[in-house]
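As structure tokens, the structure follows; a few thoughts come after it.
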Amino acid sequence: MVEKILEKLAITKLNDMQRASLDAAEKGGDVVLLAPTGSGKTLGFLLPVLKNLDAARKGVQALVLVPSRELALQIEQVFRQMGTGFKVNCCYGGHPVRTERNNFEQPPAVLIGTPGRIAYHLRHENFDESTITTLVLDEFDKALEFGFQEDMSYIIRRLLSLKQRMLTSATAMELIPDFTGVSNPIQIDFLKDQKAAPDLKLKKVTTTAADKLDTLFQLICKIGERATLIFCNHRETVDRISDLLIDQRLGHDIFHGGMEQDERERALLKFRNGSIRILITTDLASRGLDIPEVECIIHYQLPYTEDAFLHRNGRTARMNAKGTAYLIIADDEQYPFLKGDIETEPLKGQFKLPKDSPWQTLYIAAGKKDKVNKIDIVGLLLKKGGLQKEDVGLIEVKDQASYVAVKRNLVAHLLNSLYNEKIKNKKVKIEIAM
């Protein structure tokens, strides 16, 4: 079974942490999994969850609690890609309650959600929790940090049929709160193998406070066309940098907690599929999100703690890849956690404005609820739109909509070709995703 799943996920073999997690879970007791961001924890707990599922049983069998909507969606996507045959659903703030309630009419075997929304459904008795035997508390340290203790405590008190609890964290925990019910767990600790910068090159860019924005723009131009995350401490700073790049007509997107959920999802999606190469963000994107192949990190503002610094840097140099983290430091800034000499990156010379990505994202107003899948979309683009396979990039099908990356130079012609075309015998709106 594991071999088939790995094949579907295009993974050659489990890593040491995933094997250790699976072995520990098979013993039947509680498990605490400590591992750094980007190490593959999601598969590390989903495989044990799958082992506990029984196709002959009805109702929700496993509950995965996560601190953010994006993480919930990411885990749901991985589980679907595993092709297990078991139903999975997501519940989170910003997602229509009616849709979630309708999904419970045929309950999923695996339910993934944020504590606030799951607690809401329990209080309104929208699903039967008595069938849940497996609980996963993913990114538990972050959930506590976000203030979800009361909701998590309420949810766990309602789960009277639990046989196994798994708790994951990207930071070491001195004490596991009693409300989790975790008892005599097998602890798997891969944090000790974490290095501050695995295959990660740190470089500093010195500037003055007054010139910091100009310095950032120069650095962006020098980096060129590599996938880059720009980290800031405040939403206002994210918006200020975005305004600068808009003025310079430089393609990018933003990601922070002040945005609507669908805006945040779209920004991550476009960054994932390569149609934008620059994402400006707060620490909301520093952990738990599926953002592969980030080549560069820019700390426009350094975080206040070393822990946050490590989590940000964990977005690059993942899974044996290499990356570079640039630290823009004004002459009056001091950061005790920066140790040793850090190579200085010079910014002398003239650098050209990076070109737009060769990909662009299209929005299709039909999704899973319309019985639309990736094969339907590929068929439309190739047969009706006249594209070749290599002209089509990443496709993501959501509940109410779908998104697909296509070659930018073919978009205008494609939209003309698909005007008034149908998917599943229904006319759908197709346009550039904004």
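Things worth noting here:
- The orientation-averaged projected area of the convex hull spanned by the Cα atoms of the range 1-42 comes to 3.3 nm².
- Normalised by the number of residues in the range 1-93, the average gap of Cα pairs under 8 Å and 6 or more apart makes the relative contact order 30 percent.
- Sum of side-chain charges, VAL31 neighbourhood, beta-carbon under 11 Å (Lys, Arg +1; Asp, Glu -1): -1
- The distance linking the range 109-164 with the range 38-77 is 13 Å (Cα centroid to Cα centroid, whole angstrom).
- Applying the Karplus relation 6.51 cos²θ - 1.76 cosθ + 1.60 with θ = phi - 60° to the range 60-69 yields 3J(HN,Hα) values of 6, 9, 9, 10, 10, 9, 9, x, 9, 4 Hz, where x marks Gly and Pro.
- Hydrodynamic radius (Kirkwood) for the range 308-385, which is based on Cα pairs only, to one decimal in Å: 18.5
- The range 142-300: relative contact order as a whole-number percent, Cα under 8 Å and 6+ apart: 23
- The range 88-192 - convex hull of the alpha-carbon atoms, volume per residue in Å³: 111
- Summary value for the chain: 15 percent relative contact order, contacts being C-alpha pairs under 8 angstrom separated by 6+ residues.
- D_trans [Stokes-Einstein, Kirkwood Rh over alpha-carbon pairs] for the range 10-101, 25 °C, 0.890 mPa s, µm² s⁻¹: 167
- Out of every Cα-Cα pair that the range 277-434 contains, those further apart than 26 angstrom amount to 48 percent.
- Scattering curve values for the chain, log₁₀ I(q)/I(0), Debye with Cα scatterers, q = 0.06, 0.11 Å⁻¹: -0.27, -0.92
- GluC sites (Glu not before Pro), loop per DSSP, at most 16 other Cβ atoms within 10 Å - longest free stretch of the chain: 334-420
- Each of MET259, MET173, MET1, MET166 has some number of other Cβ atoms within 10 Å of its Cβ, and from fewest to most they run MET1, MET173, MET259, MET166.
- Our summary of shape: the Cα atoms of the range 359-432 have principal axis extents of 31, 23, 19 Å, ordered from largest down, in whole angstrom.
- Taking amide hydrogens as placed 1.01 Å from N in the peptide plane, the amide H of ASN15 sits under 5 Å from that of no residue at least 5 positions away in sequence or on another chain.
- On the principal axes of its alpha-carbon atoms, the range 185-263 has extents of 54, 34, 26 Å, going from largest to smallest.
- Scaling against 2.2 N^0.38 Å puts the C-alpha radius of gyration of the range 2-193 at 0.95.
Every read-out reported here was derived from the displayed coordinates using simple, explicitly stated rules and does not represent laboratory data. These figures come from a predicted structure and were not determined experimentally. Positions of Cβ are generated from backbone atoms using ideal geometry, with glycine treated the same way; all protein chains shown enter the neighbour counts.
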